[in-house]
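Encoded as structure tokens, the structure appears first; notes follow it.
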Amino acid sequence: MSLTIDTHHHMLPDFFFEATNEKANPVGGLKPQAWSIEKSLAFMDEMEIDIAVTSISTPGIELHDRLAARKLARQCNDFAATLIAKHPSRFGALASVPMPNVDDAIDELTYALDVLKLDGVVLFTNAQGIYLGDPRMKPLFRELQRRKTTVFVHPNASPDPIAHALGLTDNLIDFPGDTTRAIAQLHYGGTFAETPDVKYVFSHAGGTAPYLAGRFAIVDEMKIMGDSSATRTSAETFRRLYWDTALAWTDPVLNHLRHIGGMDKVVFGTDFPYLRNDLAAKGKLRIKSNPDLSSEEKKQVFGGNALKLFPRFDLVNANSK
């Protein structure tokens, strides 16, 4: 059986969830399953997942108390390193950084990657209303480029209060919408062009961005957002991004991804522990049984493409055989 890597697998230790979420009103509107290391492993065994790349979930580390945010990020990263140390063949981890303070984020990134040797970083589409493509974020992305880091981008709720006044859960429309906003700003603001060696993975198949690829192309053709000679075209950008299958495993979505990015840029993700286990299993089965995917493409989606993002798993996989 081919290697299966879950690139969208959340760790929600109590100290993180209690510091960032209200139990009766969790961020995004969906209360996750209670999380523990044991439950992650049981889910992985049930789903026949070899390796899970863990990351914290919404809202990330964006506490208004700067010192508390730095402390929480360090606590999350030390915990993640302990998780890998206990189960080196089962877990990877993405670093948590306090946002939107760029200096603090760079300091914690340095510790997490150089000292703890974590596998990349998780960033959120916006933190306290400041989006990743904001010019104030440029120093962080210069550091990510210098390190050729793998960056997993997860949605946050829109800072616009009107978006939350419609009686709709954030994870229905607003999370995909915020992912699309982040992609558009990172592209048209030049951040993607300035970070050619950063490997970006976007949650939930990039929100609505794949569906809007044709609209992006028209904006480029009409030069509504300026000349694309510096930023490159959106079509060129989309071909270099990675997209995960969490909540996005149906045939039309995968066909969109094939056309705008290629199946060599699609990675498997479950969104554990937010998605019910039976739905996660259904999603994996839909990909596995998709008649439009060749056996080699399925192998790449389930694990091969992720090895390009996390090459150390090649060695882990070899040693576990």
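The values are calculated or read from the model by the stated rules, or taken from the named source; none is laboratory data. Since we're looking at a predicted model, the values are computed, not measured. Cβ atoms come from the backbone with ideal geometry, glycine included; neighbour counts cover every protein chain shown. Surface areas here come from the heavy atoms of the whole protein model, side chains and all, with no ligands, DNA or RNA. Shrake-Rupley method; radii C 1.70, N 1.55, O 1.52, S 1.80 Å.
Once the convex hull of the alpha carbons of region 205-246 is built, what does its volume come to per residue, in cubic angstrom?
65
Which aspartates and glutamates have a Cα lying under 18 Å from the Cα of K288, excluding residues fewer than 8 positions away in the same chain?
Answer for K288, where 18 Å is the Cα cut-off: D6, D45, E46, E48, D50, D244, D251, D264, D271, D278, E296, E297, listed by chain and number.
Can you give the FRET efficiency to the nearest 0.05 for S295 and D45, using r as the Cβ-Cβ distance and R₀ = 22 Å?
Efficiency, from the Cβ-Cβ distance: 0.40.
Once you've got the GNM for the chain with C-alpha springs shorter than 10 Å, pick whichever of A80, A69, A163 has the biggest mean-square fluctuation.
Result for the chain, Cα springs under 10 Å: A163 fluctuates most.
How large is the translational diffusion coefficient of the chain in µm² per second when you combine the Kirkwood radius over alpha carbon pairs with Stokes-Einstein at 20 °C and 1.002 mPa s?
109
Hey, what's region 1-124 come to in accessible area per residue, 1.4 Å probe, Å²?
Accessible area per residue: 41 Å².
Compute and list, largest first, the equivalent-ellipsoid semi-axes of region 186-321 from the alpha carbon gyration tensor, each √(5λ) rounded to a whole angstrom.
29, 18, 13
In terms of modelled amide H atoms, which long-range or inter-chain residues lie less than 5 Å from the amide H of F91?
Under 5 Å from the amide H of F91: A52.
With a 1.4 Å probe and every protein chain kept in, tell me what percent of the accessible surface of region 115-242 is carbon plus sulfur.
Values: 3330 of 5740 Å².
Looking at region 115-242 in its full context, I get 58 percent from C and S.
By accessible area of protein heavy atoms, probe 1.4 Å, what ranking do R215, R181, R276, R90 get, highest first?
Ranked from most to least accessible, the order is R215, R276, R181, R90.
Enter the Cα centre distance for the pair region 153-186 and region 215-265, rounded to the nearest angstrom.
19
Quick check: residue separation of Y211 and A235 times 0.36 nm, minus the Cα distance between them. What number comes out in nm?
Gain on stretching Y211 to A235: 7.4 nm.
Could you work out the relative contact order of the chain, using alpha carbon pairs under 8 angstrom and six or more residues apart, expressed as a whole percent? All intermediate terms of the calculation are to be shown ahead of the outcome.
Details: 538 pairs, mean separation 62.2, N = 321.
Across the chain, relative contact order equals 19 percent.
Would you mind checking the radius of gyration and Dmax of region 1-140 based on alpha-carbon positions, in Å?
15.1, 48
Between region 83-126 and region 281-307, how many Å separate their Cα centres?
Measuring centre to centre over Cα atoms gives 28 Å.
Work out, step by step, the length gained on full extension between K223 and I106: first 0.36 nm times the residue separation, then minus their alpha carbon distance; give nm to one decimal. Don't jump to the answer; show the numbers that get you there.
Working: separation 117, 0.36 × 117 = 42.12 nm, distance 3.43 nm.
My answer for the length gained is 38.7 nm.
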